[in-house]
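Asks: Dropping the structure in here first, questions after.
Read the figures in this text as sums done on the coordinates, not as results from a lab. Nothing here was measured: the structure is a model prediction, and the numbers come from that model. Because the Cβ atoms are built from the backbone with ideal geometry, glycine has one as well, and the counts that use them run over all protein chains shown.
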Amino acid sequence: MATPSAPQLSTPKAVLDLFAQGKKVSFPAGRLLFREGDDVSDVFCLSEGNVVVTRFGENGERQILAFLFPGDFLGMTFTPHHNTGAETLTPVMAWSLSRSRLLELLASRADLGVAFAHMSSLILNNVLDLVFSLGRKNSKARVASFLLHLQRRQELLGLGSKRLHVPMTRQDIADFLGLTMETVSRSFSQLKSTGEIKPEPHGDILIADLKALRAAAELAP
């Protein structure tokens with residue numbers, strides 16, 4: 001069976017080879033893959049499309065914890081139950097491997113354990129970098145930081161860095177940044193009016209002035 005491609009630089013080849021022993025699956029947009037507390041049955045490696053990872057508060061309010069891209073992993077936990085939920089944002093293609101088979105392979109091959117540890121460390125560092133970049137920023141700076149985050153992810157996928165494909169709704173972005181949808185929309189309008197970004201067809205966004213966008217995100221030039 002063919003090996004999954006490795007568009008994301010943090011995905012070790014040994015892990016991708018492991019998923020080649022699984023099966024290829026597809027899901028439509030808007031499909032609930034699992035809820036928080038569900039039993040873990042399968043682990044996925046995304047090859048196409050996007051997934052949102054979520055949690056819900058006691059009041060039912062949704063918090064998006066992450067947007068996943070091709071090369072990212074989903075459901076990779078060593079506990080028997082999911083501690084988050086997940087839903088497809090777009091149509092998705094993925095490689096699937098059962099949790100039991102994954103644990104067997106990790107127990108039998110030391111190189112896979114090292115690869116998983118390395119990958120987990122990189123993922124944690126990326127999350128911490130994003131959390132740090134969003135901390136104590138105003139709404140416009142948070143939205144600008146989010147767009148720069150998308151830019152970095154697209155660069156890893158080899159999709160260029162000027163035109164951003166934004167499959168998320170304004171509500172999705174608000175639930176990720178901890179803002180209201182109205183505040184996110186207003187921040188996009190501000191970035192447009194001051195020339196940092198330019199709306200494109202199909203919801204895409206053109207970074208018209210990268211230096212100014214970095215300044216809006218309160219980052220060094």
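Asks: How high is the FRET efficiency between E155 and E104 when r is their beta carbon distance and R₀ equals 30 Å, given to the nearest 0.05?
Replies: According to the calculation, E is roughly 0.25.
Asks: With each run of n ≥ 4 DSSP H residues scored as -39500 (n - 2.57), what mean residue ellipticity at 222 nm is computed for the chain after dividing by its residue count and rounding to the nearest 500 deg cm²/dmol?
Replies: The per-residue figure over the chain is -12500 deg cm²/dmol.
Asks: Which length gain, in nm to one decimal place, applies between M93 and L219 when the Cα-Cα distance is subtracted from 0.36 nm times their residue separation?
Replies: Between M93 and L219, full extension yields 41.9 nm more.
Asks: Sticking with this structure for a sec: Which trypsin sites (Lys or Arg not before Pro) does the stretch 30-78 hold that lie in a coil by DSSP with at most 14 other beta carbons within 10 Å?
Replies: Here the trypsin sites (Lys or Arg not before Pro) that fit, given the DSSP loop and packing criteria, are R31, R35.
Asks: Would you please put 144-150, 82-88 in order of how densely packed they are, using the mean number of other Cβ atoms within 10 angstrom per residue and starting with the highest?
Replies: 144-150, 82-88
Asks: In addition: Measure nothing but the geometry: give the 0 to 90° angle between the long axis through the Cα atoms of 139-156 and the longest principal axis through the Cα atoms of the chain, rounded to 10°.
Replies: 50
Asks: Eight or more residues apart or on different chains, and alpha-carbon atoms under 19 Å: count the Lys pairs in the chain matching that.
Replies: Lysine pair count for the chain: 12.
Asks: While we're on this one: Using a cut-off of 11 Å between beta-carbons, work out the net charge of the residues near A216 (Lys and Arg +1, Asp and Glu -1, A216 not included).
Replies: Here the charged neighbours net out to +2.
Asks: Further, regarding this structure: Could you calculate the contour length gain from N83 to E200, that is, 0.36 nm times the residue separation minus the distance between their Cα atoms, to one decimal place in nm?
Replies: Extending this stretch completely gives an extra 38.5 nm.
Asks: Report Rg (one decimal) and Dmax (nearest whole number) for the chain, counting Cα atoms only, units Å.
Replies: Spelled out, the Cα radius of gyration and Dmax of the chain are 18.1, 57 Å.
Asks: Moving on to the next point. Going by alpha carbons, how many degrees (0 to 90, nearest 10) lie between the helix axis of 181-193 and the longest principal axis of the chain?
Replies: Once rounded, one gets 60 degrees.
Asks: With no solvent and one point per C-alpha, what does the Debye sum give as log10 I(q)/I(0) for the stretch 136-216 at q = 0.13, 0.16 Å⁻¹?
Replies: At q = 0.13, 0.16 Å⁻¹ the computed log10 ratios are -0.35, -0.53.
Asks: Please compute the length gained on full extension between K23 and K211, using 0.36 nm multiplied by the number of residues separating them and subtracting their Cα-Cα distance.
Replies: Taking 0.36 nm per residue and subtracting the Cα distance, the gain is 63.3 nm.
Asks: Sort largest first and round to whole Å: the equivalent ellipsoid semi-axes of the stretch 13-129, each the square root of five times a Cα gyration tensor eigenvalue.
Replies: 23, 16, 14
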